[in-house]
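Just so it is clear, none of the values below were taken in a lab; they were calculated from the coordinates. Quantities reported herein were computed from a predicted structural model and do not represent experimental measurements. In this analysis, Cβ positions are derived from the backbone assuming ideal geometry, glycine residues included, and neighbour counts consider all displayed protein chains.
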Amino acid sequence: MTLEEVQKTINEKIESLKGQQPTDEQRIEIQKLFRLKNELQTEKAKKSRGLGDTIKKVTNVLGIKQCGACKKRQAALNKMFPYK
């Protein structure tokens with residue numbers, strides 16, 4: 001399942017429960033969907049889209065804080081040197 005599909009499923013489940021008290025099974029199912037969503041978001045955040053993301057990861061490890069110019073440079077490098 002993609003992140004968008006999981007979010008759509010969560011929204012549908014919550015919408016169908018409006019005005020009702022969810023059962024334990026329904027709560028567990030929604031909790032599992034939220035966990036899956038968090039895992040997908042974390043995985044997506046880990047992947048570098050381009051050179052700018054890779055440089056950001058290296059500078060973060062070195063303890064260098066990112067400023068506004070750094071963010072612009074990151075976006076520009078990602079656009080110039082994408083990984084996909």
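General observations
- In the list [x] -0.30, -0.41, -0.90; [y] -0.56, -0.66, -0.92; [z] -0.51, -0.68, -1.14, the label attached to log10 I(q)/I(0) by the Debye sum over Cα atoms at q = 0.12, 0.14, 0.21 Å⁻¹ as derived from the coordinates here is [y].
- Degrees separating the helix 24-46 axis from the principal Cα axis of the chain, which is the longest one: 10
- Net charge dipole size for the chain [Lys, Arg +1 and Asp, Glu -1 on Cβ; Debye, nearest 20]: 780
- Length-normalised contact order for the chain - Cα pairs under 8 Å, 6+ apart - percent: 31
- Helix 51-61 vs. the chain, principal-axis angle (Cα, 0 to 90°, nearest 10): 90
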